[in-house]
Amino acid sequence: MSARADMVSWGPYSAGRAHVFRAYGQFISGNEAGLFVVLSGADCTDAAREALAKSAQALGYGADGVTFVSVAGQELSGDALYEVVEGLDPIALVCAGEEATRLFSQAYRLQAAPHAAQRVQGREVRLLPQIAQNMETPQGKQLVWHALKSLPRLDA
């Protein structure tokens, strides 16, 4: 089978996604489809990651529907993060923690509003810079869920 035939069988975005996994695979975990991507820094706790995974499931992305990209310690530059996100081409993107929010803002050269529903380069993005602290109170959890439930549903 030719390389082109193999690419067609994967779909039109497979070449970019395959490049991202080859070049940056050490930073990526979870679902390889990349439809619901969470950028997580060192300040994104296990409880926050679990809550994000459950939220993605509630939105129809599946029980293991999250692709996590670790930006902990800024081992990824802004340009590299831009390449990762554009290669994965998610429907929904969540920046979990201050570190992830800062690097995303640097990569996309913007100042986006925390918790607000917003589109960045054609995809839905939610910034949750204080997610670890938000997960400690009922009001904080509500704030996070309010932001997440405005993301597009995959099963709708």
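Bear in mind that the values in this text are calculations on the coordinates, not laboratory data. Keep in mind that this is a model prediction, so the values were computed, not measured. Virtual Cβ from ideal backbone geometry, glycine too; neighbours counted across all protein chains shown.
Observations on the structure shown:
- Residue within region 76-87 that is of a type in the set (F, W, Y) and farther than 19 Å from A51 by Cβ present: yes
- Among residues that are more than 11 Å from the chain's Cα centre (by Cα) and surrounded by 23 or more Cβ atoms within 10 Å (Cβ to Cβ), Y108 is not included.
- Pair list, Cβ < 6 Å and 6+ apart or interchain, from region 42-60 residues that are among the β-branched types (V, I, T) to residues that are in a helix (DSSP H, G or I): T45/A132
- For region 115-137, a residue qualifies if it is surrounded by fewer than 16 Cβ atoms within 10 Å (Cβ to Cβ), on the phi < 0 side of the Ramachandran plot, part of a loop (DSSP other than H, G, I, E, B) and not small (G, A, S), and the qualifying residues are E136, T137.
- Residue check, H146 surrounded by 15 or more Cβ atoms within 10 Å (Cβ to Cβ) and out of contact with any Phe, Trp or Tyr (no Cβ under 7 Å at 6 or more places or on another chain): no
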